[in-house]
Amino acid sequence: MHTTKSEPSRYMPGLDGLRAIAVVAVIAYHLDFDWASGGLLGVGVFFVLSGYLITDQIASELHWEGRLDLKRFWMRRARRLLPAMLLVMAAVSLYLLLFDRDRLPSLAGDVWSAVTYTSNWYLIFHHVSYFESFGPPSPFGHLWSLAVEEQFYLLWPLLLPGAVLLLGRRGKTALAVIAAAAASAVLMAVLYVPGADPSRIYYGTDTRAFGLLIGAALALVWPSARLSAGLSKGYRIGLDSVGVAALAAIVLMMRYTSEYDPFLYRGGLVLLSLCAAALVAALAHPSSRLGAWLGCGPMRWIGKRSYGIYLWHYPVIALSGKQVNTDGPEPLRIALQLAVSVALAALSYRYVENPIRRRGLAAVRDGLFAVAASFASGLRPGRSSAPNRRAACLSVAALILLCVSCTGGAQPLGQGSAAAPSDGAAGVIVDAGIGAGDHSGGAGTAVGAGGDGGADVRPANDHVGTSEPTAKPTPKPTTSASAKPPAKPVRSPSPTPKPSGSPAPQQGAGAGEGSGGAEAPRSGKGITVIGDSVMLNVKPYLEAQLPGIVVDGEVGRQMREAPDEIDALESKGQLGSRVVVELGTNGSFTKKQLTKMLDALGDADEIILMNTRVPRKWQDTVNDMLDEIVSDYPNVSIGDWYGESAGHDEYFGKDGVHLGKTGSQAYAKLIADLLGTKR
């Protein structure tokens, strides 16, 4: 048997504490907690940790043995990462096969790319947005980060020994690694386009490598085995001070940044990685008090299971989430999602991950049989018979085969036939998807920097719903405590009082006196509405209430496209003096883009900006920006669709975004009431 002369690895409990912080941040981000808008930065922390620990291990073996056993290294990585991931994929595939079979075809690409650790490039080449997608999310959408790490694990053991051999000293090698990290960071900054979907640079191995490489450079100059516990009090205080400052910076970035912040892609993620490296340096040192504090019992427990928690939490959230939710957060559902995620991760850690790390793949049969026995017959782990162990092994093999084969038996949505309307009602406009690329959003469409990612399905011009719940089309006042506060008032050139019969409080110019009993304008001439696919849902009802109105809607339209569309409408003589703009469904935009659109409408007498309700992270960003801009333009007001639709799940289709008949009627009524206040 081959034995290694390398120094035994030293357990660093503080790093488990850092893992706990990172995974909690990621989960909070995926649960849409307001205080974790930058929780996605937890992935960046994981990258730095992985770069440090893997390079520390490789460099130690090179130093003591003079060579790196690649087979042994890759086998260790496989035993550490593959079993838990395959278990999650098998369990999710089986669940979908039993309870939601229609979603399986759209996940075929996700499964194959995850098994081959190419998820990130699969998503890039199929133009699947991490941030801007509709429909139920893919339960495997989070595996892109594991692909980035695994690609690093594959290439780094080949590159690092050559660099050490060529450059000789660790310091020189570290400088070369830092140069490579800088190149990766520069590439991210160069490829970033403000206002466009940043998924390409968020997913890319080339544009995310700097996090791993910064951690690797730290390992070359700060090897864990050479850190002495005999540090003087002054140095220890300085070390912990650096760690505390770095931790504070990381927490602040997680709290106050978001995925749409240009700062992240133009140095912010690099700053995060540098702070994470400084924190790792402090936590890795045996003299660090901060390491002992972060390495306390509960933090260690979470940190040791952080890989499994990361793997399980996203499928649990994706499969148990409520797609249409106009009532705000559901604490009980969130608590159950967290409990199930942690419980599954704990079982995986005890019966799959740990046994395989210690005893190899042969431990799978015993571990999974123990789980099955515990639930099915009450047998204690370890009392299984040989036939039962063989049956357990066959079951595992069958599940793994299932997760890579059951998704390929049916035709993916969007290939060969159009999708049905999302809520069964005629007249609903939905995005049909793009076949293999349509997996981030299940049966929905990823709408990224390129605009519309799918086909525009336009049913026959029959606007009678066939299966939608009946409800009064007139919006009612919003009193739900969970609803977002109404848009803030804006100074109106000629405000008029509004009667008490108003369907909901509306602020600003052009929203002063609409009421449920007020007549709509006798003509829609001189009125133009610019929007996206949501407005296509509303169009026939608007045209019925306001004959002559111009409604210009397009699937996937973004704010950055609006100025060109305004120019086109003006050249055709279709741009009225009163304009309603409904944009923001497909993604966020910058203040500069919004200002450019408003400036293009500078001659308009009245502009109404409709805020949005979309179950995606950019909803509040869009609505807040609209609220902020109205004070700069006296002819601009807010149409509060967010408030009007609160508590009305029946307005929306299955994707929680597009409208059925009742919702379309309510939206049209709201616009007509807003326009009816100034005639």
Checked region 86-145 for anything among the polar types (S, T, N, Q), buried (at least 24 other Cβ atoms within 10 Å of the Cβ) and either in a loop (DSSP other than H, G, I, E, B) or not assigned by TED's automatic domain parsing to the domain that holds H30 (or both); matches are S129, S138
Scanning region 541-565 residue by residue, those buried (at least 17 other Cβ atoms within 10 Å of the Cβ), over 18 Å from T590 (Cα atoms) and of a type in the set (A, V, I, L, M, F, W, C) turn out to be L542, L546, I549, V550, V551, V555
Those residues of region 596-628 which are within 15 Å of V580 (Cβ to Cβ) and of a type in the set (V, I, T) amount to I607, I608, T612
Scanning region 172-227 for residues that are under 20 Å from S129 (Cβ atoms) and among the charged types (D, E, K, R) gives D197, R200, D206, R208
Inside region 164-185, the number of residues satisfying the requirement of being more than 15 Å from D56 (Cα to Cα) and either at pLDDT 90 or above or assigned to a helix (DSSP H, G or I) (or both) is 14
- Message: Is it the case, given these coordinates, that R300 is in contact (Cβ under 8 Å) with a residue 12 or more places away in the chain, assigned by TED's automatic domain parsing to the domain that holds W144 and over 30 Å from L97 (Cβ atoms)?
- Response: yes
Across region 156-199, the tally of residues that are among the charged types (D, E, K, R) and either closer than 30 Å to N586 by Cβ or in contact with a helix residue (DSSP H, G or I) (Cβ under 6 Å, 6 or more places away or on another chain) (or both) stands at 2
Apart from one, (1) without any contact (Cβ under 8 Å) to a residue 24 or more places away in the chain; (2) buried (at least 17 other Cβ atoms within 10 Å of the Cβ) all hold for L252; the odd one out is (2)
Query raised in the report: Right, D624: charged (D, E, K, R) and either touching an Asp or Glu at 6+ places or on another chain (Cβ under 6 Å) or in contact (Cβ under 8 Å) with a residue 12 or more places away in the chain (or both) or not?
Result: no
Expected single match for under 19 Å from G524 (Cα atoms), out of contact with any helix residue (DSSP H, G or I) (no Cβ under 6 Å at 6 or more places or on another chain) and at pLDDT 90 or above among D624, D605, D599 is D605
Given the conditions (1) under 30 Å from the mean Cα position of the chain (by Cα); (2) within 20 Å of G526 (Cα to Cα); (3) part of a helix (DSSP H, G or I), every one holds for L569 apart from (1)
Residues of region 554-566 being without any contact (Cβ under 8 Å) to a residue 40 or more places away in the chain and either within 14 Å of I527 (Cα to Cα) or among the β-branched types (V, I, T) (or both), in sequence order, are I566
**Test: residue in region 521-532 that is modelled with pLDDT under 90 and crowded, with 16+ Cβ neighbours inside 10 Å** = yes
Checked region 207-230 for anything crowded, with 17+ Cβ neighbours inside 10 Å and either among the β-branched types (V, I, T) or farther than 30 Å from R289 by Cα (or both); matches are T207, R208, A209, I214
Just one listed residue, out of E149, E132, is at pLDDT below 95, closer than 29 Å to S306 by Cβ and touching a Phe, Trp or Tyr at 6+ places or on another chain (Cβ under 8 Å), and it is E132
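The values are calculated or read from the model by the stated rules, or taken from the named source; none is laboratory data. Note that the coordinates shown come from a computational prediction; the quantities given were computed from them, not determined experimentally. Quick reminder, even Gly has a Cβ in these numbers, built from the backbone with ideal geometry, and neighbours come from all protein chains shown.
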